[in-house]
Amino acid sequence: MADDGFASFYASSYRRLLGQLFAVTGDLAEAENVLQEAYARAFVRWPRVGGYDLPEAWVRRVAINLAAMADRSLRRRARALLRLGPPPLVPELSPDLIDLRDALAALPLGQRQVIVLHHLVGLPVEEVASELRLATGTVKSRLARGRAAMASTLQLDWSEVT
Amino acid sequence: MHDLDTRLERLAADATRDAVVPEPEAIARRGRRRRRRQLAGSAALVAAVVAAGLVLPARLADRPGDHPVAGPATDVSEAGMLTGHWFGKADASVFLAQHVDPARRQAIHDRIQALDVVDAVFFESRQEAYDRV
């Protein structure tokens, strides 16, 4: 493979994006599947995608969209299982992180997406709205509802945080 | 920093700590495979459209006879059997003057009867008509 920057971009961003996609999907195998598909799409368009200011944001957006579609598609999930094998158990998560993963997984996909983009990726509300093509008010509303649901599940108080 | 931020960062880091990062070449192969599938799909679609464009007009041109703009004429020859004697027929009345003589009446009868479209002609007096009503 010609080294035109893709390999280094891939190596430097893969694990970070995988963690973000895991938080969105709640399933490591599914996160790997959609992320690798997004990288594959980036590879064939690399002359264009590589010129973007943030190729990583492009890959993340594609992967999040694929995850949203996969969420509605049991067939894709079955194919991923066949290709990647059964999803491995998340290794050695502490009990509080298992609770956090379960609380996140219990949220609707739309709330999960905005919480991950805002709280894990660190995007401001406006950029989350832009990345998901939503209204800013919708993002704020989903953030508030998602945090409230998680706080209730985890018995924490996150209500004051924006 | 929000407590949720740090918790999510820990979750993402711990969950992917042991994940195997595929070689970039594997991603490239997947991308090339995907592109080949897309090209093959596009080629198949173009071929199908071209084939349809070549075959369909020829098959339509081979159809025998003119293409009618309306459906065939409706055959009502036996409809009268279903709807009674007067279906498809007309009942015409000819009113004669009060004092017409029998010869003239017979002449009128014969002339009407001679028409092709007339099945039967009968004479009815004024009294007979009133009685029928």
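The values are calculated or read from the model by the stated rules, or taken from the named source; none is laboratory data. Quick caveat: nothing in here was measured; it's all calculated off a predicted structure. Note: ideal-geometry Cβ built from the backbone for every residue, glycine included; neighbour counts use all protein chains shown.
Condition (residue is out of contact with any Pro (no Cβ under 6 Å at 6 or more places or on another chain), at pLDDT 75 or above and assigned to a loop (DSSP other than H, G, I, E, B)) applied to region B:81-89: is it met by at least one residue?
The first filter runs over region B:81-89 and keeps only residues out of contact with any Pro (no Cβ under 6 Å at 6 or more places or on another chain), leaving B:81-89.
If we keep only those that are at pLDDT 75 or above too, we end up with none.
No, region B:81-89 has no match at all.
Residue-wise test of (1) without any contact (Cβ under 8 Å) to a residue 40 or more places away in the chain; (2) at the interface with another protein chain (Cβ under 7 Å from one of its Cβ atoms); (3) over 30 Å from A:Ile98 (Cβ atoms).
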{"position": "B:Ala13", "(1), (2), (3)": "yes, yes, no"}
{"position": "B:Val20", "(1), (2), (3)": "yes, no, no"}
{"position": "B:Glu23", "(1), (2), (3)": "yes, no, yes"}
{"position": "B:Gly31", "(1), (2), (3)": "yes, yes, yes"}
{"position": "B:Ala43", "(1), (2), (3)": "yes, no, yes"}
{"position": "B:Ala47", "(1), (2), (3)": "yes, no, yes"}
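Give A:Asp27, A:Asp3, A:Asp96 a once-over and let me know the one that is assigned by TED's automatic domain parsing to the domain that holds A:Val121, modelled with pLDDT under 90 and not β-branched (Val, Ile, Thr). Talk me through it step by step, then tell me what you get.
Values: A:Asp27 fails: assigned by TED's automatic domain parsing to the domain that holds A:Val121; A:Asp3 fails: assigned by TED's automatic domain parsing to the domain that holds A:Val121.
Criteria check complete, one pass: A:Asp96.
Do the conditions hold for A:Leu28, that is, is it facing chain B (nearest Cβ under 7 Å) and either out of contact with any Asp or Glu (no Cβ under 6 Å at 6 or more places or on another chain) or under 21 Å from A:Ile115 (Cα atoms) (or both)?
Numbers: facing chain B (nearest Cβ under 7 Å): yes; either out of contact with any Asp or Glu (no Cβ under 6 Å at 6 or more places or on another chain) or under 21 Å from A:Ile115 (Cα atoms) (or both): yes.
Yes.
Being among the hydrophobic types (A, V, I, L, M, F, W, C), within 11 Å of chain B (Cβ to nearest Cβ) and either in a loop (DSSP other than H, G, I, E, B) or under 12 Å from A:Thr138 (Cβ atoms) (or both) is the filter here; which residues of region A:110-127 pass it? Spell out how you get there, then give the answer.
We begin by selecting, within region A:110-127, every residue among the hydrophobic types (A, V, I, L, M, F, W, C); these are A:114-117, A:120-121, A:123, A:125.
Next, only the ones that are within 11 Å of chain B (Cβ to nearest Cβ) stay: A:115-117, A:120-121.
If the condition is that a residue be among the hydrophobic types (A, V, I, L, M, F, W, C), within 11 Å of chain B (Cβ to nearest Cβ) and either in a loop (DSSP other than H, G, I, E, B) or under 12 Å from A:Thr138 (Cβ atoms) (or both), then A:Val121 is the only one that fits.
Answer yes or no as to whether A:Phe43 is surrounded by 21 or more Cβ atoms within 10 Å (Cβ to Cβ), more than 24 Å from A:Ser130 (Cα to Cα), at pLDDT 90 or above and within 13 Å of chain B (Cβ to nearest Cβ).
On the way: surrounded by 21 or more Cβ atoms within 10 Å (Cβ to Cβ): yes; more than 24 Å from A:Ser130 (Cα to Cα): no; at pLDDT 90 or above: yes; within 13 Å of chain B (Cβ to nearest Cβ): yes.
So A:Phe43 fails the test.
Any residue at all in region A:136-158 that's part of a loop (DSSP other than H, G, I, E, B) and either over 19 Å from B:Asp3 (Cβ atoms) or among the small types (Gly, Ala, Ser) (or both)? First the steps, then the outcome.
The initial filter retains those residues of region A:136-158 that are part of a loop (DSSP other than H, G, I, E, B), namely A:155-158.
Checking which are either over 19 Å from B:Asp3 (Cβ atoms) or among the small types (Gly, Ala, Ser) (or both) leaves us with none.
Checked region A:136-158: no residue is part of a loop (DSSP other than H, G, I, E, B) and either over 19 Å from B:Asp3 (Cβ atoms) or among the small types (Gly, Ala, Ser) (or both).
Only residues that are facing chain B (nearest Cβ under 7 Å) and under 14 Å from B:Glu23 (Cα atoms): list them for region A:12-25, please.
Within region A:12-25, A:Tyr14, A:Arg15 meet the criteria.
Of the conditions (1) at pLDDT below 85; (2) surrounded by fewer than 17 Cβ atoms within 10 Å (Cβ to Cβ); (3) closer than 20 Å to B:Ala26 by Cα; (4) basic (Lys, Arg), A:Arg72 fails just one. Which one is it?
Exception for A:Arg72: condition (3).
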